[in-house]
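The values are calculated or read from the model by the stated rules, or taken from the named source; none is laboratory data. Nothing here was measured: the structure is a model prediction, and the numbers come from that model. In this analysis, Cβ positions are derived from the backbone assuming ideal geometry, glycine residues included, and neighbour counts consider all displayed protein chains. Remember, those area values only see protein heavy atoms, side chains included, never the ligands or the DNA or RNA. Shrake-Rupley method; radii C 1.70, N 1.55, O 1.52, S 1.80 Å.
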Amino acid sequence: MLLKKALEKGIKNIRLLTSLKVMPPVISWMCAGSADCGIDGFLAPGHVCVITGSKAFEGLAAQFGIPFVVAGFEGEQILTAIAALVKLQGKGRVANFYPSAVTREGNLQARAAVAEYFEPADAAWRGMGIIPGSGMVLRKEYEAFDAGSRELTEDREKNSACCCAQVLTGKIKPSQCPLFGKVCTPQTPQGACMVSTEGSCFNSCYN
């Protein structure tokens with residue numbers, strides 16, 4: 001919307017640095033790694049599905065034969081969704097347990113606005129490298145407003161001993177990182193998993 005207003009008013013001294021990601025390509029990357037990827041199902045984030053709609057995960061559910069359950073963020077909502085995942089294990093279905101905010105088609109107006117200004121691009125993911133089509137960047141016709149988003153292709157750790165990549169890909173538990181709870185704490189984070197309040201390491205420190 002900022003870009004739209006800038007174009008309407010002829011303002012040219014604005015630059016946007018974005019790091020936008022989309023979920024289906026990275027989910028496909030994770031599940032296609034082997035016949036048994038060790039993933040039994042996904043909690044599909046409600047805030048994303050408000051825009052994309054639950055339909056965004058139907059192809060993946062059918063392709064890999066695993067369930068996706070759309071959930072809200074309250075404790076009861078998450079527990080209900082986990083229970084549904086257990087019951088749906090082995091079935092390639094998408095279930096929407098957040099109908100108050102999420103529809104199958106999503107927010108068509110918001111999706112149209114994103115499509116108007118952004119286009120798919122390759123993107124870097126921590127521990128996974130470059131995944132084709134998993135990011136969004138400003139379309140070529142708006143690249144004069146881009147501050148270098150297309151060049152964000154490196155994955156750098158603040159501390160070389162940080163194991164955030166292995167935590168994010170499920171290879172180790174947060175407590176197995178040599179920095180966890182010692183050098184790396186919520187007060188002195190060394191990686192993304194500890195910086196974010198939603199991060200695995202951050203939450204493990206309080207559970």
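Fully extending the segment from Leu108 to Leu152, taken as 0.36 nm per residue of separation minus the present Cα-Cα distance, adds 13.0 nm. Partner aspartates and glutamates whose Cα lies under 17 Å from the Cα of Lys4, excluding those fewer than 8 positions away in the same chain, are identified as Glu116, Glu119, Glu141, Glu143, Asp146.
Computed over the alpha carbons of the chain, Rg followed by Dmax gives 18.9, 55 Å.
From the Cα gyration tensor of region 30-132, with a ≥ b ≥ c the square roots of its eigenvalues, which class applies: rounded if a/c is under 1.5, or else prolate if a/b is larger than b/c, or else oblate? Oblate. Amide H contacts under 5 Å for Val70: Ala44, Ala95, Asn96, Phe97, restricted to partners 5 or more places along the chain or on a different chain, H placed in the peptide plane at 1.01 Å from N. Separation of the alpha carbons by more than 28 angstrom is noted, of Lys21/Lys171; Lys12/Lys158; Lys91/Lys171; Lys21/Lys182; Lys21/Lys173, for Lys12/Lys158; Lys21/Lys182.
With a length cut of 15 Å (Cα positions projected on each helix's long axis) and a Kyte-Doolittle mean of at least -1.0, go through the chain and give me the DSSP H helices that pass. Helices meeting the criterion: 75-87.
When you restrict to C-alpha pairs under 8 Å that are six or more residues apart and normalise by the size of the chain, the relative contact order lands at 18 percent.
Compared with the alpha-carbon gap, the fully stretched path from Thr80 to Val50 is longer by 8.9 nm at 0.36 nm per residue. Using the Cβ-Cβ distance between Val195 and Lys171 with R0 set to 25 Å, the FRET efficiency from 1/(1 + (r/R0)^6) comes to roughly 0.80. Tell me, what % of the accessible area of region 86-207 is carbon and sulfur with a 1.4 angstrom probe? Of all accessible area on region 86-207, carbon and sulfur atoms account for 52 percent.
How would region 88-185 be classified by its alpha-carbon gyration tensor: rounded, prolate or oblate, with rounded meaning a/c under 1.5 and the a/b versus b/c comparison settling the rest? Judged from the Cα gyration tensor, region 88-185 comes out oblate (a/c at least 1.5, b/c at or above a/b). The residues of the chain present an accessible area of 60 Å² per residue when probed at 1.4 Å with all protein chains retained.
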